[in-house]
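One structure is given here, and the rest of the page talks about it.
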Amino acid sequence: MRDRLIIDWNKTQQAHTLVDQKRVYYLSLEFLMGRTLDNAMLNQRIKDVAVEGISELGFRMEDLIDQEHDAALGNGGLGRLAACFLDSLATLNYPAWGYGLRYRYGIFKQEIIDGYQVEVPDYWLDFNPWEFPRHDITVDIMFYGYVRRYTEEDGTTVNVWEGGEVVQAVAYDVPIPGYDTPTTNNLRLWSSKPSTGEFDFQKFNSGDYESSVRDQQRAETISAVLYPNDNIDVGKELRLKQQYFWVAASLHDIVRRFKKSHRAWTDFPLQVAIQLNDTHPTLAIVELMRILVDKEHLDWDTAWNIVTETFGYTNHTVLPEALEKWSVPLFQNLLPRHLQIIYDINLFFLQSVERRFPKDRELLSKVSIIEESNPQVIRMAYLAIIGSKKVNGVAELHSDLIKTTIFKDFIKIFGPDKFTNVTNGVTPRRWLHQANPRLSALISKKLGSDKFLSDLNLLSGLEKFADDKEFQKEWMDVKYQNKQRLAKYIKDTTGISVDPNALFDIQVKRIHEYKRQQMNIFGVISRYLSLKAMTKEERAKQVQRVSIFGGKAAPGYWMAKTIIRLITAVSEVVNNDVDIGDLLKVVFIEDYNVSKAEFLCPASDLSEHISTAGTEASGTSNMKFVLNGGLIIGTCDGANIEITREIGEERIFLFGNLAEDVEDLRHAHRYGKTAMDPALKEVCDEIEKGTFGEPGVFAGLIHALTDGGDYYLVSDDFASYLSTHKLVDEAFKDTAAWAHNTIVAVSRMGFFTSDRAINEYADEIWNVDPVIVGK
Ligand code: GL4
């Protein structure tokens with residue numbers, strides 16, 4: 001498969017070089033690719049032959065596919081989005097490159113030991129046939145040092161950055177095949193090693209073995225490990241080093257490619273579009289200024305015009321703790337010349353603001369790239385906005401929110417047109433066809449072709465069969481088989497027996513207070529308490545449920561780890577309660593990752609997307625679950641809102657307060673004007689009684705609801721959450737209506753393909769056209 005990919009990769013790169021038109025560069029610190037083999041077979045249209053051949057040899061393709069280790073160079077939604085985008089870019093024949101870091105360790109593996117999360121390193125490179133080391137493509141990257149400034153004879157000022165530590169970036173290329181096209185794009189990942197000058201053989205020979213090895217290790221540390229945080233900024237020097245290392249190597253590469261065609265520098269934005277996936281690559285703006293001004297000797301204004309025509313910035317979160325800010329002293333030490341350039345960008349920007357709003361001094365401090373705290377910090381999002389042509393959010397509500405909250409002052413300055421929305425999407429190749437071959441086959445049969453895989457709006461053809469009893473049966477059979485597969489997995493890995501006829505209720509995503517897994521498990525406890533209080537006769541009328549959780553907590557996120565502990569503690573009690581039997585089971589799936597998502601999504605009846613309104617920028621698993629024939633319970637947040645618009649509000653279980661009310665509710669909590677919801681109070685009392693083990697373990701969770709001010713508004717949403725779950729139970733009893741609703745929902749999910757998202761970026765942000773690569 002790898003050899004086949006590389007043939008198309010070569011063809012594609014040659015074709016792109018020949019036409020030499022505008023290319024897209026997607027800079028992302030995370031690419032959560034998952035497995036490659038199945039996708040490569042699909043895109044090379046060779047799977048049927050391969051399955052047959054493998055079976056003649058006495059093996060099953062599923063087992064073979066299962067041998068592959070996930071490429072897990074990402075934390076969650078942001079990294080998986082980048083992977084879906086690469087798939088769509090290639091499928092739609094856009095000349096595009098991804099640039100990232102080749103971490104030696106991806107996101108840690110999660111083990112659950114005695115109910116607690118334990119992190120184990122993910123060494124994934126011992127067998128990785130999908131990457132091509134390019135020892136011919138290296139870039140020396142400098143850190144630290146000082147800036148020497150002098151005036152030339154003609155009076156121009158020159159800045160030279162020198163005297164620092166040098167590390168070498170080595171390219172590793174990963175082919176990205178498109179579906180139903182020969183286009184195979186490139187994902188270039190950089191690995192760090194000592195620069196040839198740096199590894200001191202002299203020291204090595206003279207017996208100072210230790211320090212020469214230390215130098216080597218220091219260089220290799222840069223690309224050693226992915227920071228395991230989602231939606232949280234930790235501000236460590238090594239992270240800034242990673243960012244500059246990757247950005248500088250990538251820009252060097254991009255500039256080198258541009259220079260090959262000997263165009264004028266002012267043509268740069270006509271040939272190059274660079275998309276910043278969150279603020280992580282924002283230094284690229286500064287680095288391009290440094291290249292143009294210090295190295296290519298363009299004047300500042302010409303350089304700035306080029307830069308601001310080249311970049312686009314995607315914002316993925318409004319959570320204040322996730323917005324990147326670098327301490328000025330730390331930054332000054334590591335990147336002294338870049339700090340000067342940032343100061344100049346800021347100076348010229350503030351001068352222009354002052355000219356336009358002469359009386360508004362407050363505005364200047366509000367929009368300054370430098371925050372006057374102690375120490376001063378650099379607001380990376382502001383730098384990204386000022387240095388980009390377009391800024392986008394990732395779902396409609398989110399894109400509106402950034403304009404009215406965190407970035408509102410910039411609307412005043414730049415006007416509303418600089419800010420836009422591109423709602424996220426997911427690739428139907430992986431998230432429908434590969435994850436759910438049975439459903440994909442059924443849809444193909446019904447529609448008479450598999451063209452929906454490249455034109456997802458064709459799913460609309462299913463709607464007319466929504467009431468067809470025969471089709472409903474086939475549809476629900478597929479769901480049942482997928483649930484059976486999951487039930488077997490649960491039995492094999494946890495020993496817990498679950499009935500595939502029960503309602504499977506799944507919440508899988510990173511563990512975070514704002515995503516409110518704590519509310520889900522409180523809801524489970526509340527259900528458990530009501531079941532316990534019922535008579536046998538009453539119990540017999542209840543819908544059987546399996547509550548399935550999965551997700552990693554950042555290693556330093558204590559509250560998230562406590563939430564996991566509560567889930568595992570509840571599962572120990574509930575699953576072993578003979579009064580309850582099969583009425584309620586609670587399962588925590590260890591080490592949730594892309595491959596596990598691929599078999600969880602097809603097996604859900606209901607999935608939970610229940611963030612506090614206004615906190616989840618988009619969510620993308622909500623799209624995957626609905627596309628796989630599940631319904632969702634959710635808040636009016638992120639892409640849930642657009643999913644509702646598309647599939648109809650009668651097919652989604654919405655509940656809870658709205659984003660516009662959050663501020664007032666929080667205010668009420670701070671000033672002690674709210675009593676805890678009574679059902680939630682019962683749950684807290686039960687935990688404190690010790691029903692789920694030593695209550696002290698969970699004190700933090702209870703405290704967050706009480707003295708902590710209930711920042712995530714669990715109490716405010718709890719009653720409506722529970723009553724909406726009751727509606728779910730009622731709806732689930734009517735199998736025909738449930739089948740009808742899931743069929744209609746799937747038929748209306750065409751909008752959520754990442755192909756649509758990528759076409760929007762191409763037309764509205766990048767201004768780039770596809771290139772047809774000959775067979
Ligand atoms: C995230 C958002 O939290 C998530 O809602 C969104 O779907 C994703 C992709 O846009 O980006 N932002 C960060 S940070 N991590 C995410 O997963």
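What about PHE108, is it within 16 Å of the ligand (Cβ to nearest atom) and either in contact (Cβ under 8 Å) with a residue 60 or more places away in the chain or not small (Gly, Ala, Ser) (or both)? Give the steps one after another, and end with the answer.
Values: within 16 Å of the ligand (Cβ to nearest atom): no; either in contact (Cβ under 8 Å) with a residue 60 or more places away in the chain or not small (Gly, Ala, Ser) (or both): yes.
It is false that PHE108 is within 16 Å of the ligand (Cβ to nearest atom) and either in contact (Cβ under 8 Å) with a residue 60 or more places away in the chain or not small (Gly, Ala, Ser) (or both).
Looking at region 243-274, which of the residues that are more than 16 Å from the ligand (Cβ to nearest atom) and among the polar types (S, T, N, Q) is farthest from SER618 (Cα to Cα)?
First, the residues of region 243-274 that are more than 16 Å from the ligand (Cβ to nearest atom): 244-274.
Of the ones still in play, those that are also among the polar types (S, T, N, Q) are 250, 261, 266, 271.
Values: SER250: 28, SER261: 40, THR266: 36, GLN271: 31 Å.
In this case the residue turns out to be SER261.
Being more than 22 Å from ASN424 (Cα to Cα) and of a type in the set (Phe, Trp, Tyr) is the filter here, so list the residues in region 307-328 that pass it.
Result: TRP326, single match.
Rundown of residues vs (1) outside any helix (DSSP H, G or I); (2) in contact with a Phe, Trp or Tyr (Cβ under 9 Å, 6 or more places away or on another chain); (3) closer than 30 Å to PRO95 by Cα, yes/no style:
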site	(1), (2), (3)
ASP661	no, no, no
LEU665	no, no, no
ALA704	no, yes, no
TYR721	no, yes, no
ARG756	no, no, yes
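Residues checked against (1) outside the structural domain of ASN622 (by TED's automatic domain parsing); (2) surrounded by fewer than 22 Cβ atoms within 10 Å (Cβ to Cβ); (3) modelled with pLDDT of 95 or more; (4) not small (Gly, Ala, Ser):
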site	(1), (2), (3), (4)
GLN434	yes, yes, yes, yes
ALA441	yes, yes, yes, no
LYS446	yes, yes, yes, yes
GLY461	yes, yes, yes, no
LYS464	yes, yes, yes, yes
ASP477	yes, yes, yes, yes
ASN482	yes, no, yes, yes
LYS488	yes, yes, yes, yes
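Assess whether THR36 counts as being buried (at least 18 other Cβ atoms within 10 Å of the Cβ), under 22 Å from VAL771 (Cα atoms) and touching a residue at least 40 places away in the same chain (Cβ under 8 Å).
Working: buried (at least 18 other Cβ atoms within 10 Å of the Cβ): yes; under 22 Å from VAL771 (Cα atoms): no; touching a residue at least 40 places away in the same chain (Cβ under 8 Å): yes.
Judged against the criteria, THR36 is not a match.
Within the set of pairs 6+ apart or on separate chains, which have a first residue in region 451-462 that is under 11 Å from LEU432 (Cα atoms), a second that is not in a helix (DSSP H, G or I), and C-beta atoms under 6 Å apart?
So the pair list comes out as LEU456/THR753.
Let's see how each residue does on (1) more than 16 Å from the ligand (Cβ to nearest atom); (2) part of a strand (DSSP E or B); (3) among the aliphatic types (A, V, I, L, M); (4) surrounded by fewer than 24 Cβ atoms within 10 Å (Cβ to Cβ):
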| site | (1), (2), (3), (4) |
| --- | --- |
| PHE522 | yes, no, no, no |
| SER547 | yes, yes, no, no |
| THR562 | yes, no, no, yes |
| VAL573 | yes, no, yes, yes |
| ASP591 | yes, no, no, yes |
| SER607 | no, yes, no, no |
| SER611 | no, no, no, no |
| ASN622 | no, no, no, no |
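Which count do you get for residues in region 250-273 that are outside any helix (DSSP H, G or I) and either in contact with a Leu (Cβ under 6 Å, 6 or more places away or on another chain) or surrounded by fewer than 19 Cβ atoms within 10 Å (Cβ to Cβ) (or both)?
Pass one, region 250-273, residues outside any helix (DSSP H, G or I): 260-264, 272-273.
Next, from what is left, pick out any that are either in contact with a Leu (Cβ under 6 Å, 6 or more places away or on another chain) or surrounded by fewer than 19 Cβ atoms within 10 Å (Cβ to Cβ) (or both): 260-264.
Of the residues in that region, 5 qualify.
Is it true that LYS359 is more than 16 Å from the ligand (Cβ to nearest atom) and without any contact (Cβ under 8 Å) to a residue 12 or more places away in the chain? Step through it out loud before you land on a result.
Working: more than 16 Å from the ligand (Cβ to nearest atom): yes; without any contact (Cβ under 8 Å) to a residue 12 or more places away in the chain: yes.
Considered against the rule, which asks whether it is more than 16 Å from the ligand (Cβ to nearest atom) and without any contact (Cβ under 8 Å) to a residue 12 or more places away in the chain, LYS359 comes out as yes.
Taking the criterion of being within 16 Å of the ligand (Cβ to nearest atom), of a type in the set (Asp, Glu) and surrounded by fewer than 24 Cβ atoms within 10 Å (Cβ to Cβ), would at least one residue in region 416-424 satisfy it?
No, the conditions are met nowhere in region 416-424.
Taking the conditions exactly as written (away from the ligand (no atom under 16 Å from the Cβ), at negative phi and either surrounded by 24 or more Cβ atoms within 10 Å (Cβ to Cβ) or in a helix (DSSP H, G or I) (or both)), does ASP685 satisfy them or not? Steps first, answer last, please.
Values: away from the ligand (no atom under 16 Å from the Cβ): yes; at negative phi: yes; either surrounded by 24 or more Cβ atoms within 10 Å (Cβ to Cβ) or in a helix (DSSP H, G or I) (or both): yes.
Answer is yes for this residue.
Somewhere in region 309-321, is a residue more than 16 Å from the ligand (Cβ to nearest atom), assigned by TED's automatic domain parsing to the domain that holds GLN243, touching a residue at least 40 places away in the same chain (Cβ under 8 Å) and in a helix (DSSP H, G or I)? Steps first, please.
Residues of region 309-321 more than 16 Å from the ligand (Cβ to nearest atom): 309-311.
If we keep only those that are assigned by TED's automatic domain parsing to the domain that holds GLN243 as well, we get 309-311.
Pick out the ones that are also touching a residue at least 40 places away in the same chain (Cβ under 8 Å) and you get 309-311.
Filter again for in a helix (DSSP H, G or I), leaving 309-310.
Checking region 309-321: at least one residue is more than 16 Å from the ligand (Cβ to nearest atom), assigned by TED's automatic domain parsing to the domain that holds GLN243, touching a residue at least 40 places away in the same chain (Cβ under 8 Å) and in a helix (DSSP H, G or I).
Within region 624-659, which residues are of a type in the set (Gly, Ala, Ser), within 16 Å of the ligand (Cβ to nearest atom) and surrounded by fewer than 24 Cβ atoms within 10 Å (Cβ to Cβ)?
Taking region 624-659 as the starting set, the residues that turn out to be of a type in the set (Gly, Ala, Ser) are 629-630, 634, 638-639, 648, 656, 659.
In the following step, the residues that additionally are within 16 Å of the ligand (Cβ to nearest atom) were identified as 634, 638-639, 659.
Result: ALA659, single match.
Please work out which one of (1) free of Cβ contacts under 8 Å to residues at least 12 places away in the same chain; (2) in the same structural domain as THR742 (by TED's automatic domain parsing) is the condition ASP492 fails and give its number.
(2)
The values are calculated or read from the model by the stated rules, or taken from the named source; none is laboratory data. Just so it is clear, the model here is predicted, and its values are computed rather than measured. Positions of Cβ are generated from backbone atoms using ideal geometry, with glycine treated the same way; all protein chains shown enter the neighbour counts.
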